[in-house]
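The values are calculated or read from the model by the stated rules, or taken from the named source; none is laboratory data. Being a predicted model, the structure only gives us computed values, none of them experimental. All Cβ positions, even for glycine, are placed from backbone atoms using ideal geometry, and neighbour counts span all protein chains on display. Accessible surface is based on the protein model in full, side chains and every heavy atom, while ligands, DNA and RNA are left aside. Shrake-Rupley method; radii C 1.70, N 1.55, O 1.52, S 1.80 Å.
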Amino acid sequence: GVIGLSLAALGLKLAKNRFAYGITLQGAGLAIAYLTTFFAYSVYHVLPSLPSFIGLGLLSAITIGLAVRQNAFPLALLALSGGFFAPILTSQDTGSLTILFSYYLLLNITIAIIAHYRPWKVLNLFGASVTFGLAYYWGLTETLTAMIDNQRWALVLLVTLHVLLYLFVVIRYAQHIIAYNANISYNDSDAATVTATDTDQTADIQSRHASYVFPIDIGLLFSVPLLAFGLFSALLHDIHHALTITSAILAVVYLGLGWTFIQRSQRYALITEGMLALGFGFLALVIPLALNAEWIAFGWSVQGLALVWFGRRSLRAWSVLFGLLLQLISIGMLSNTFVITLDYYPTLALTISAISALASVFILRASNSPISLPISLPISLPISL
């Protein structure tokens, strides 16, 4: 441990004159310190829990401070790689799953704090990939039934905290990139006042347009809740309606955030789309998790109608398509019910599905479209709508 910290201190001193070499030494030294602390506590039981987690917290604080102060992405990646791969670099017992993923939670909190200051997408994806990848690996290769029975709710809490943590990371990344793109647009508007004959200024404008960054981390936004839902299903599969409640809670969270971003600004349109898509997706899962086939068709036909209405009013094509797909699936399920049980006719579900389909046709009429506005209106009007 002392050697690792000394190596990091030497790297900090050398970084003033030899930046890349100094950053490498700092990352290697902090990684050694992470590994030493983790193994001393979880594998060899040399250190008790409180000093170990205090030590890990201090190492996280040092990593955050050095990486943000020096704007050194390689330092953060090197140091946290050592921390994340510490449990993988040994074939020995890594102890309790609760302790292990509490340790990972601390590392991911470090990533989240760094994400508050720096939009390092690769670092964010790295943390989520290793955490959830390791969880799935151990879940598939180990017999964890007895362990889950003893640690179930602690693990559910840890998965929930990871979802919330990476939700913050996704939102913060979007805010960073939106601000960056807005700054490019502002600079372009200033540069546009220069005469067009100035070829250097024209090339500068083109280069700034080329530096536009897509303002949402799609992989992180969609992968974390879907992977977390798989872990929830493994932890809660034997508890009645637990997955239904989980899906409903996730739907409320993502729909609530999507609605919040709708109120913010047009610049948040992309992250709003992602939040709403996830929210409606988890809401669609609630129905099959809770009800039988007839009521699934009933619920999906109504939800499909709501999505068609929302998509038409908000000019979101994905919402309209998702709603129509749900209605088609509900009709298919009812048709299948006719084939299997010829003596039973789900009259109520059929009636509701038919009314929903007719209402969708009415909503999608060209004359009912909110975008059928006079051509003479200002271009900015649809944006304000």
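For the pair R18/H237, report the inter-label distance in nm, with labels modelled 7 Å from Cα in the Cβ direction.
5.4
How much accessible area per residue does the stretch 1-152 have, counting only protein heavy atoms and a probe of 1.4 Å, in square angstrom? Don't skip to the answer; put the middle values down first.
Details: 7330 Å² over 152 residues.
Here the residues of the stretch 1-152 average 48 Å² of exposed surface.
Whenever you get a sec, line up I355, I62, I111 from highest to lowest accessible area (probe 1.4 Å, protein heavy atoms).
Numbers: I355 95, I62 75, I111 0 Å².
Descending accessible area places them as I355, I62, I111.
For the pair A290 and Y117, what calculated FRET efficiency results from E = 1/(1 + (r/R0)^6), where r is the Cβ-Cβ distance and R0 = 35 Å, to the nearest 0.05? Intermediate results must be reported in sequence, preceding the final value.
Details: r = 42 Å, r/R0 = 1.21.
It comes to 0.25.
Between Y136 and A317, with labels modelled 7 Å along Cα→Cβ, what's the label distance in nm to one decimal, could you check?
3.0
Give me the percent of accessible area attributable to carbon and sulfur for the stretch 12-66, probe 1.4 angstrom. Present the calculation step by step, with values, prior to reporting the outcome.
Numbers: 2030 of 2830 Å².
On the stretch 12-66, the fraction of accessible area on carbon and sulfur atoms equals 72 percent.
Rounded to the nearest 0.05, what FRET efficiency do I54 and I329 have when you use their Cβ-Cβ distance and R0 = 45 Å?
Details: r = 53 Å, r/R0 = 1.18.
For I54 and I329, the calculated efficiency is 0.25.
Using θ = phi - 60° and the Karplus form 6.51 cos²θ - 1.76 cosθ + 1.60, what ³J(HN,Hα) does each residue of the stretch 253-263 get, whole Hz, x for Gly and Pro?
Working through the residues one at a time gives 4, 6, 5, x, 5, x, 5, 4, 6, 4, 6 Hz.
Which order, highest average first, do 98-110, 49-61 follow once you tally other Cβ atoms within 10 Å for each residue and take the mean per peptide? Could the numbers behind the result be given before it?
Values: 98-110: 20.2, 49-61: 15.9.
So the peptides 98-110, 49-61, ranked by packing, come out 98-110, 49-61.
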